Amino acid sequence: MAADFVAIEGRSRNYYLAVVILAALVFFGFFCFGWSYFEGHQVFGSSNVIPWGMPIVLAIYLIGLSAGSLILSSLTYVFGRMEYKSIARMAVYLAIVLIFGAMISIAVDLGRPEKFWRLFMFFYLNNMTSMFAINGILYGGYFVISLVYFGFILAGQQTATKIMGTVAVLWAVLVHMGTGAIFGFVAARDAWFSPIKPFEFLAAALTSGMALLIVVTVLVLKLTGRDIKKDMINSLGRMLAIFIIVLALLIFIDKLTHVYEPAREATIYMLFGPSSWIFWILQVGLVVVVPLVILFHPRWGKSIGGIVLASLSVVVGVFFERYYLVIPGAAYPMPLYPGHIEGVYGAVGLFPIQWAEMGLSLGIFTLLGLMFMVGLKYLETLSPKELVEQPVNSPVESPATAAQQSS
Amino acid sequence: MARWGMVIDLDKCTGCQACSIACKSENNVPFGSPEENTRRITSYWHKVIAASEGEYPAVNIEMIPMPCMHCDNPPCVMVCPAKATYAREDGIVMQNFRRCIGCKYCIAACPYGVRNYNYKDQTEQEYNMPDLPPDRSVIGPWPYPHRSHGVVEKCTFCFHRIDAGLKEGKKIGVDVVPACVDACPTRARAFGDLDDTDSEVSRLLAARGSFVLREEKGTRPKVHYLSK
C-alpha cells in the first residue's frame, strides 16, 4: 500500500522558484487584507448597493471547485472505480485546500474578521434561521469530514475510508445547495430569488470542480514527468461534458423563470444591460459553448490538449458566472416605489476595481497554490513514476490496474 | 407593550430633507463626501427618494422619505447569523454593533435598502458630537460602545428618546418623538403606538387611505404612508 503513493521530490530549482513567487504574492495579499482591516472596506469596491465583492465571489467559486474533486475521489474510494485511483488522493487534498481557501475568503470579507468565531457558536450565539449560520455548520463540517477522510486514506484504512467518503460526498452536496440558498432565499433581490439556485450551484460546482481537477492532474503529472493516462482523461472529459449540459439547462431555466415573471427588470438588466457581455461571452461562451464544441469535436475531444483547453475554459468561465451573480446581480436598483427613482438611489450600483481587493483575491489564490505545492512535497499523494512497470501487490486493485496496463 | 409606528403624509411632505439632516445630527451619522455618495458608501439612516412618473410636461414626482421600515416580519433579523439585528418587544428593529460581524447579509436581504455599512472610521470633524448621542448619564449604557468601521448601522426610531421619555413618564408621540418627526416643518410625520386606538397614528390611518412600501414582500412595515 505504501508504495502506491509517493510525495514529489521538491528539490528542483523551479520548485523553489515557484514557492518563492507564490509566497511573495501571499504576503502582498496579506498586506492588502491588513490595509482593508485598518482602513475599513472603503478600499474595496463594494457599497451599500452591491454589498458583496470579490472575496464572496472567490468563496463561492472555491467551494464549488472543492466539490468536484471530492466527488471524483469518491468514485475510487466509495464506488471502487480503480481507474481513477492514481489521482484520487490528490483530489481529496485539493478539495481540502480549496474549502480552506473558501473559509479564508469569507473571513476576510467580514467587516470585523476578529469576530469570525461568532459564526461557529451554533444554537448559542447564532441565529439558526440565517443561511450563513447554517452554512457555518456545513462548511466547518465539510472541512473536518474531508480532513478525517484524507487521514483514513493516508492510513490505508479501507472500510473507514469508504464510510467517510460516502459521508463526505453527501455532505458536499449539502454544502453546495446551502451556498446556493444564500442567494436563492433572498427575496429582496429579484435577480437572485429563485428556488433553483441551490441546484444551479450544485451543477456549477460539479462542472468547475471536474474541470479544475483535469487541469491540475495534467499539469502536475506533466511537470513531475509522469505518464498521463489518456483513457482516464478521456473519461473525465466525457463526465465534464454531461455536467456542462446539466448546468446549461439549469442556467436557462433560471433565467427563463426570471424573465417570465412580471418583475423582470433586474434580470433584463443582467441579460441585456451594459455589462451583459460578461454573461454572454465569459459565462455562456466559456462555460457552455467553447467546452462543448471542443469536447464533442471528433478529434479535439479525444486529445489531451483539447480536453485540458475545454476544462481551462470552464474553470475561468465559472469564475465569471460567480462574479456575474454576486456583483452585477445586486447592482440593479430595487423598485422601492413605482416609477423611475431619480438620482443616486435609482442608479445602478458602481463597482470600481480596487487594487486592495484584487491583491487580496490574488493572495488567496496564491495561498492555495502554495498549500497545494507544499502538500505534494510532504504528503504521499501521487502515484510513483514507475507504476506501470511495478508488480501489483494488493489483490483488490490488480484487475483494474491490469486493465489499465493492457489499454 | 406598545407597537411604535410612523405615519408620513405625502400630501404635506415637500421633500426638504430636514428629516435627513435632523437624523444625521441626532444620531451622529457622518456626512461623507460627494464621491462617497456617488459610490454609495455613505451612511444614511434616513433618506428621501424622488420617484418620477411620466414625461415632461405630464410628469409627477413623488418625494418618499424613507427611514427604516421597522418591519413586523423583518428579513434582516431572519438572515443575521450573529443575532446582531433583533426586534425589540416594542417592535423596533435594532442593531447591536458589538455583536455585528459585518457579513453584510442583512444589506443584501433588506428590500428597502435602509441598512448602511460603515466603510471607514469617521474623522473627528465628520462628527456632530464626539460620541454617540445622547448623554449616557440619562439613559444608562448603550447597547454598543463606539462607532467603528466594519459593522452595519441603521435607523433606530430614536429609541434613546423613547426610552428616556418613558422613564420620565412623558407621552410618546406627543411630548417625545423621533428627531425626524421633530424636525419636519410641515408636520407631515406622526409617531406613536399603532396598537393604541387613541394615538394620532391610528387616527390618521383610520381617516385616510394609506399604503406601505413593497407590500408584496410580506414584511409588514410599521412605517405607513398617506397617499396624496
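The values are calculated or read from the model by the stated rules, or taken from the named source; none is laboratory data. Since this is a predicted model, take the numbers as computed values, not measurements. Cβ: placed from backbone, ideal geometry, glycine included. Neighbour counts: every protein chain shown. In case anyone asks, the SASA skips ligands and DNA or RNA and just uses the protein heavy atoms, side chains included. Shrake-Rupley method; radii C 1.70, N 1.55, O 1.52, S 1.80 Å.
So is A:Phe132 open to solvent by 50 Å² or more (accessible area, probe 1.4 Å), modelled with pLDDT of 90 or more and not small (Gly, Ala, Ser) or not? Walk me through how you get there before you give the answer.
Working: open to solvent by 50 Å² or more (accessible area, probe 1.4 Å): no; modelled with pLDDT of 90 or more: yes; not small (Gly, Ala, Ser): yes.
So A:Phe132 does not fit the description; no.
Is region B:96-104 home to any residue that is under 21 Å from B:Val212 (Cβ atoms) and buried (at least 24 other Cβ atoms within 10 Å of the Cβ)?
To start, the set of residues in region B:96-104 that are under 21 Å from B:Val212 (Cβ atoms) comprises none.
No, that holds for no residue.
Restricting to region A:186-223, give me the number of residues that are within 14 Å of another protein chain (Cβ to nearest Cβ) and assigned to a helix (DSSP H, G or I).
Looking only at region A:186-223, we keep the residues that are within 14 Å of another protein chain (Cβ to nearest Cβ), and these are A:186-193, A:197.
After this cut, where a residue has to be assigned to a helix (DSSP H, G or I) as well, the list is A:197.
Residues in region A:186-223 being within 14 Å of another protein chain (Cβ to nearest Cβ) and assigned to a helix (DSSP H, G or I): 1 in total.
Looking only at region B:166-185, which residues are touching a Cys at 6+ places or on another chain (Cβ under 8 Å) and open to solvent by 50 Å² or more (accessible area, probe 1.4 Å)?
Hit for region B:166-185 is B:Pro185, nothing else.
Looking at region B:69-89, which of its residues are open to solvent by 10 Å² or more (accessible area, probe 1.4 Å) and in a loop (DSSP other than H, G, I, E, B)? Walk me through how you get there before you give the answer.
Initially, region B:69-89 is screened for residues open to solvent by 10 Å² or more (accessible area, probe 1.4 Å), giving B:71-80, B:83, B:86-89.
Within region B:69-89, B:Cys71, B:Asp72, B:Asn73, B:Pro74, B:Cys80, B:Lys83, B:Arg88, B:Glu89 qualify.
Residues checked against (1) more than 14 Å from every other protein chain (Cβ to nearest Cβ); (2) open to solvent by 40 Å² or more (accessible area, probe 1.4 Å); (3) touching a residue at least 40 places away in the same chain (Cβ under 8 Å):
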{"residue": "A:Val293", "(1), (2), (3)": "yes, yes, no"}
{"residue": "A:Arg299", "(1), (2), (3)": "yes, yes, no"}
{"residue": "A:Lys302", "(1), (2), (3)": "yes, yes, yes"}
{"residue": "A:Gly305", "(1), (2), (3)": "yes, yes, no"}
{"residue": "A:Ser311", "(1), (2), (3)": "yes, no, yes"}
{"residue": "A:Val315", "(1), (2), (3)": "yes, no, yes"}
{"residue": "A:Val318", "(1), (2), (3)": "yes, no, yes"}
{"residue": "A:Leu325", "(1), (2), (3)": "no, no, yes"}
{"residue": "A:Leu336", "(1), (2), (3)": "no, no, no"}
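Taking into account only those residues within region B:23-53 that are touching a strand residue (DSSP E or B) at 6+ places or on another chain (Cβ under 7 Å) and either assigned to a strand (DSSP E or B) or open to solvent by 50 Å² or more (accessible area, probe 1.4 Å) (or both), which is farthest from B:Tyr119 (Cα to Cα)?
B:Glu53
Within region A:137-149, can one find any residue that is touching a Leu at 6+ places or on another chain (Cβ under 8 Å) and open to solvent by 30 Å² or more (accessible area, probe 1.4 Å)?
No: region A:137-149 contains no residue that is touching a Leu at 6+ places or on another chain (Cβ under 8 Å) and open to solvent by 30 Å² or more (accessible area, probe 1.4 Å).
Report yes if A:Leu312 is at pLDDT 90 or above and in a helix (DSSP H, G or I), otherwise no.
Details: at pLDDT 90 or above: yes; in a helix (DSSP H, G or I): yes.
When the stated conditions are applied, A:Leu312 passes them.
Under 7 Å between Cβ atoms, at least 6 apart or on separate chains: pull out the pairs that start in region A:277-291 with a residue that is under 8 Å from A:Gly317 (Cα atoms) and assigned to a helix (DSSP H, G or I) and end on any residue that is among the small types (Gly, Ala, Ser) and open to solvent by less than 30 Å² (accessible area, probe 1.4 Å).
Hits for this filter: A:Leu282/A:Gly317; A:Gln283/A:Gly317; A:Leu286/A:Ser313; A:Leu286/A:Gly317; A:Val287/A:Gly317.
For (1) closer than 23 Å to A:Phe372 by Cβ; (2) crowded, with 24+ Cβ neighbours inside 10 Å, each residue gets a yes or a no:
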position: A:Phe33; (1), (2): yes, no
position: A:Glu39; (1), (2): no, no
position: A:Ile63; (1), (2): yes, yes
position: A:Ala67; (1), (2): yes, yes
position: A:Tyr77; (1), (2): yes, yes
position: A:Met82; (1), (2): no, no
position: A:Lys85; (1), (2): yes, no
position: A:Val92; (1), (2): yes, yes
position: A:Leu119; (1), (2): no, yes
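Inspect region B:145-154 for any residue being part of a loop (DSSP other than H, G, I, E, B), on the phi > 0 side of the Ramachandran plot and modelled with pLDDT under 90 and give the result as yes or no.
Step one: of region B:145-154, the residues part of a loop (DSSP other than H, G, I, E, B) are B:145-151, B:154.
Restricting the remaining residues to those that are on the phi > 0 side of the Ramachandran plot gives B:150.
This time we only want the ones that are modelled with pLDDT under 90, so: B:150.
Yes, that holds for at least one residue.
Under 9 Å between Cβ atoms, at least 6 apart or on separate chains: pull out the pairs that start in region A:359-383 with a residue that is over 23 Å from A:Val218 (Cβ atoms) and end on any residue that is open to solvent by 30 Å² or more (accessible area, probe 1.4 Å) and among the acidic types (Asp, Glu).
Correct list of pairs: empty, since none qualify.
Just to be sure before I move on: is B:Asn96 polar (S, T, N, Q) and within 7 Å of chain A (Cβ to nearest Cβ) in the structure I sent?
No: the conditions fail for B:Asn96.
Go over the candidates A:Ala172, A:Ala181, A:Ala160 one by one and state the one that is over 19 Å from A:Val316 (Cα atoms) and either among the charged types (D, E, K, R) or within 14 Å of chain B (Cβ to nearest Cβ) (or both). Please lay out each step first, then the result.
On the way: A:Ala172 fails: either among the charged types (D, E, K, R) or within 14 Å of chain B (Cβ to nearest Cβ) (or both); A:Ala160 fails: either among the charged types (D, E, K, R) or within 14 Å of chain B (Cβ to nearest Cβ) (or both).
Result of the check over A:Ala172, A:Ala181, A:Ala160: A:Ala181.
Between a residue in region A:219-248 that is hydroxyl-bearing (Ser, Thr, Tyr) and any residue that is open to solvent by 30 Å² or more (accessible area, probe 1.4 Å), which pairs come within a Cβ distance under 9 Å, given they are 6 or more apart or on different chains?
Short answer, once both residue conditions are applied: A:Thr224/A:Glu9; A:Thr224/A:Lys385; A:Ser235/A:Glu83.
Among the residues of region A:338-371, how many are within 14 Å of chain B (Cβ to nearest Cβ), open to solvent by 30 Å² or more (accessible area, probe 1.4 Å) and not β-branched (Val, Ile, Thr)? Steps first, answer last, please.
Pass one, region A:338-371, residues within 14 Å of chain B (Cβ to nearest Cβ): A:338-354, A:356-357.
This time we only want the ones that are open to solvent by 30 Å² or more (accessible area, probe 1.4 Å), so: A:338-340, A:342-345, A:347-348, A:350-354.
Subset that is not β-branched (Val, Ile, Thr): A:338-340, A:342-343, A:345, A:347, A:350-352, A:354.
So the answer is 11.
Yes or no, residue by residue, for (1) under 20 Å from A:Val293 (Cα atoms); (2) open to solvent by 20 Å² or more (accessible area, probe 1.4 Å):
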residue	(1), (2)
A:Ser208	yes, no
A:Ile214	yes, no
A:Lys222	no, yes
A:Ile244	yes, no
A:Phe252	yes, yes
A:Thr257	no, yes
A:Thr267	no, no
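What pairs come up if the first residue lies in region A:46-64 and is more than 10 Å from chain B (Cβ to nearest Cβ), the second is part of a loop (DSSP other than H, G, I, E, B) and open to solvent by 10 Å² or more (accessible area, probe 1.4 Å), and their beta carbons are under 9 Å apart, counting only those six or more places apart or on different chains?
Once the first residue is more than 10 Å from chain B (Cβ to nearest Cβ) and sits in region A:46-64, its partners that are part of a loop (DSSP other than H, G, I, E, B) and open to solvent by 10 Å² or more (accessible area, probe 1.4 Å) give A:Met54/A:Gln354.
Across region B:26-77, which residue is farthest from the other protein chains (Cβ to nearest Cβ) among those that are acidic (Asp, Glu) and in contact (Cβ under 8 Å) with a residue 40 or more places away in the chain? Steps first, answer last, please.
Residues of region B:26-77 acidic (Asp, Glu): B:26, B:35-36, B:53, B:55, B:62, B:72.
Restricting the remaining residues to those that are in contact (Cβ under 8 Å) with a residue 40 or more places away in the chain gives B:26, B:36, B:62, B:72.
Numbers: B:Glu26: 20, B:Glu36: 8, B:Glu62: 7, B:Asp72: 16 Å.
Within region B:26-77, the match that is farthest from the other protein chains (Cβ to nearest Cβ) is B:Glu26.
Looking at (1) hydrophobic (A, V, I, L, M, F, W, C); (2) under 26 Å from B:Cys13 (Cβ atoms); (3) more than 7 Å from every other protein chain (Cβ to nearest Cβ), which is the only condition B:Cys110 fails?
(3) is the only condition that B:Cys110 fails.
Give all pairs with beta carbons closer than 7 Å in which a residue from region A:22-42 that is within 18 Å of A:Asp109 (Cβ to Cβ) and within 14 Å of another protein chain (Cβ to nearest Cβ) meets a residue that is of a type in the set (D, E, K, R) and open to solvent by less than 60 Å² (accessible area, probe 1.4 Å); count only pairs at least 6 apart in sequence or on separate chains.
From region A:22-42, the pairs are A:Glu39/B:Lys120; A:Gly40/B:Lys120; A:Gln42/B:Lys120.
Given the criteria touching a Ser or Thr at 6+ places or on another chain (Cβ under 6 Å), more than 14 Å from chain A (Cβ to nearest Cβ), open to solvent by 20 Å² or more (accessible area, probe 1.4 Å) and among the acidic types (Asp, Glu), does B:Asp193 qualify?
Working: touching a Ser or Thr at 6+ places or on another chain (Cβ under 6 Å): yes; more than 14 Å from chain A (Cβ to nearest Cβ): yes; open to solvent by 20 Å² or more (accessible area, probe 1.4 Å): yes; among the acidic types (Asp, Glu): yes.
Criteria met by B:Asp193.
Working carefully through the options A:Tyr84, A:Tyr16, A:Tyr77, find the one that is without any contact (Cβ under 8 Å) to a residue 12 or more places away in the chain and of a type in the set (Ser, Thr, Tyr).
Numbers: A:Tyr84 fails: without any contact (Cβ under 8 Å) to a residue 12 or more places away in the chain; A:Tyr77 fails: without any contact (Cβ under 8 Å) to a residue 12 or more places away in the chain.
Answer to the check: A:Tyr16.
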